[in-house]
Amino acid sequence: MKNQEEIKERILDSAYERFSRYGFGKTTVTEIAGDCSMSASNLYRYFENKNDIGAGVVIRFTECEEKLIRQEIRQPGLDAAKRLEKLVIVVFRYIYNEFTSRPHILELVDFVIRERYDLAAKYEDVLVSLIAEVLALGNASDEFNVTDVVATADTIRMAVAGFTDPAIIGIFIECSKQDNCYKLENMEEMAKKVVDLLVDGLKKR
C-alpha cells in the first residue's frame with residue numbers, strides 16, 4: 001500500500017492538471033478524486049477541502065521555484081551582481097512561462113490573495129531571504145556595501161515586484177496580448193536594467 005505522502009502527491013498532481021485545464025473554480029473535489037481512482041470521501045482523509053488542495057498546489061509551485069533560484073544563485077564563479085540578476089530573471093521566467101502555458105493557473109493567484117494570504121506572505125519572506133543571501137555574498141566579496149542586509153533585501157523585493165509578484169506578472173501576460181512590450185524577452189531586458197540600477201546603488205565605493 002502506498003504511504004500517505006505518495007497518495008497526497010498523486011492528488012496534488014491530479015489537481016494541478018485539473019486546475020490547469022479547467023480552472024480552480026470549475027474543478028470539483030469529486031473530479032480530482034475520480035482522476036485518482038478514489039472516492040471523494042477517501043480524498044477527504046488527506047485534504048480538508050478544495051481550498052486545502054489548492055494551497056498544496058501553490059506550495060509545491062513555490063517550492064519548485066525556490067529550488068530553481070537556489071541552483072542559479074549558488075553557481076560558482078558568479079559575482080554578486082550577476083547572482084541578483086539571475087534571481088530576478090529566474091523568478092520572472094518561471095512564472096511567466098508557467099502562466100502562459102497554463103493560463104487557468106492564474107485563478108490560483110486570485111485564490112491565494114483572497115483566501116490564503118499567509119502563502120503570499122511566506123513567498124515574499126522566501127524571496128527576501130534569497131535576496132539577502134546574495135547581498136551577504138556581495139558584502140563578503142567587497143562588491144557591495146550593505147549595512148542592513150535584511151531591510152535592503154526587502155526594499156529590493158519591492159523594487160523588483162513587477163518581475164517577481166505572480167499577480168503583477170499575470171497582468172503583464174494579459175497586456176502582452178495587446179502590446180509586444182510585455183513579451184517575455186522585452187520584460188526580461190527591462191528586468192536586467194532595473195537590476196543594473198539597483199546594483200549601482202549597492203556597490204562599495
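The values are calculated or read from the model by the stated rules, or taken from the named source; none is laboratory data. For clarity, every value in this text was computed on a predicted model and none was experimentally measured. So basically every Cβ, Gly included, is an ideal-geometry build from the backbone, and we count neighbours across all protein chains shown. Ligands, DNA and RNA are stripped out before the accessible areas are found, and what is left, the full protein with its side chains, is counted by its heavy atoms. Shrake-Rupley method; radii C 1.70, N 1.55, O 1.52, S 1.80 Å.
Table for the structure above
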| quantity | calculated |
| --- | --- |
| Of A140, L68, F99, farthest towards positive along the dipole that unit charges on Lys, Arg, Asp, Glu beta carbons give segment 65-205 | A140 |
| Label-point separation, I59 to N3 (7 Å along Cα→Cβ), nm | 1.6 |
| Nonlocal amide H pairs with F144, under 5 Å, H built at 1.01 Å | N139, K204 |
| Viscosity 1.567 mPa s, temperature 4 °C, Stokes-Einstein D of segment 113-174 from Kirkwood C-alpha radius, µm²/s | 102 |
| For segment 188-205, 3J(HN,Hα) per residue [Karplus equation, 6.51 cos²θ - 1.76 cosθ + 1.60, θ = phi - 60°, Hz, x = Gly/Pro] | 5, 5, 5, 4, 4, 5, 5, 4, 4, 5, 5, 4, 4, x, 8, 4, 6, 10 |
| Amide H partners (placed H, <5 Å) of C36, local residues excluded | none |
| Å² of accessible area per residue within segment 69-205, as computed with a 1.4 Å probe and no ligands counted | 53 |
| Peptides ranked, highest mean first, by Cβ atoms within 10 Å: ranges 65-78, 10-23 | 10-23, 65-78 |
| Percent accessible area from carbon and sulfur atoms, the chain, protein chains only, probe 1.4 Å | 51 |
| Cα-based reach from K86 at 15 Å (exclusive), listing aspartates and glutamates while leaving out same-chain residues under 8 positions away | E65, E66, E72, E133, E185, E188, E189, D196 |
| HN-Hα J in Hz across segment 105-117 - Karplus 6.51, -1.76, 1.60, θ = phi - 60°, x for Gly and Pro | 5, 4, 4, 5, 5, 4, 4, 5, 4, 7, 10, 9, 5 |
| Net length gained if the chain between S39 and K203 were fully extended (0.36 nm per residue, minus Cα distance) | 53.2 nm |
| Convex hull of Cα atoms in the chain, direction-averaged projection (nm²) | 13.0 |
| Estimated FRET transfer efficiency when R0 is 30 angstrom, pair V126-K193 (beta carbons, to 0.05) | 0.75 |
| Residue-by-residue Karplus 3J(HN,Hα) for segment 24-37, coefficients 6.51, -1.76, 1.60, Hz, glycine and proline x | 5, x, 8, 8, 10, 4, 4, 5, 4, 4, x, 5, 9, 6 |
| Nitroxide proxy distance, nm - points 7 Å out along Cα→Cβ at A161 and E115 | 2.5 |
